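Let me begin by presenting the structure, written as C-alpha cells, before commenting on it.
The values are calculated or read from the model by the stated rules, or taken from the named source; none is laboratory data. The structure presented is a predicted model; accordingly, all values stated were derived computationally and were not measured. Please note: Cβ atoms are built from the backbone with ideal geometry, for glycine as well, and neighbour counts cover all protein chains shown. Only protein heavy atoms, including side chains, enter the accessible area calculation; ligands, DNA and RNA are left aside. Shrake-Rupley method; radii C 1.70, N 1.55, O 1.52, S 1.80 Å.
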Amino acid sequence: MKHYREELFFNTSTRVAFVNITDKVQSAVEKSGISNGFCLVNAMHISASVYINDDEQGLLHDYEQWLEKLAPHEPISQYRHNDTGEDNADAHIKRQIMGREVVVAVTDGQLDFGPWEQIFYGEFDGKRKKRVLIKIIGE
C-alpha cells in the first residue's frame, strides 16, 4: 500500500471564511499516484473545520448566519474559555459543529463524490496562518 502526505496553508483576511479546496485536494490525489484508496483531509487547528457540501453562495451565507446564531462571537464575556484572555470560544464551538475532517474514496485516481459535493475549509478565527493535512492511502 502506498501513502502520500501534503499540507495546505491558509491565512484568511476575515475572521470567518469558507474556502473551496476541492481542486487542491484532487491535485494532491494526482501527485500521490494512488488510483484507488482513501483521502483524509483534516483541519490541523481547533478553530477551523473541513467539511463537504455544495458550493453555492446562498448556502455559504446561510452557514455563516446559522453558526453565528448558535455560537455568537460577542459578547466575548459569555464564554468561560475567554476568561483566559482568548476571544475565540465561539470559533471552537463552530468547529465542533462543522467537523474536523472528511474522508473521501479515491476511485480511478479521482475523488469519488456524490452530486454537488465539494470539500471546504471553514475558518472561524482567521487572520492568522493555519494548516490542513491531506493524507492519501491506497494503491
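Observations, loosely collected:
- Filter result (among the basic types (Lys, Arg) and either farther than 12 Å from Cys39 by Cα or open to solvent by less than 30 Å² (accessible area, probe 1.4 Å) (or both)) within region 100-139: Arg100, Lys127, Arg128, Lys129, Lys130, Arg131
- Some residue of region 82-99 being free of Cβ contacts under 8 Å to residues at least 60 places away in the same chain, more than 14 Å from His45 (Cα to Cα), in contact with a strand residue (DSSP E or B) (Cβ under 8 Å, 6 or more places away or on another chain) and loosely packed, with under 15 Cβ neighbours inside 10 Å: no
- Close pairs (7 angstrom Cβ cut-off, 6 or more residues apart or separate chains): in contact (Cβ under 8 Å) with a residue 40 or more places away in the chain in region 70-81, open to solvent by 90 Å² or more (accessible area, probe 1.4 Å) and part of a loop (DSSP other than H, G, I, E, B) anywhere: none
- Just one of the numbered conditions (1) touching a helix residue (DSSP H, G or I) at 6+ places or on another chain (Cβ under 9 Å); (2) outside any helix (DSSP H, G or I); (3) within 22 Å of Lys129 (Cβ to Cβ) is not true of Glu74: (3).
- Of residues in region 1-58 being more than 24 Å from Gly126 (Cβ to Cβ) and of a type in the set (Lys, Arg), the one least open to solvent (accessible area, probe 1.4 Å): Lys2
- Per the conditions (1) assigned to a helix (DSSP H, G or I); (2) more than 18 Å from the chain's Cα centre (by Cα), the sole criterion not satisfied by Ala28 is (2).
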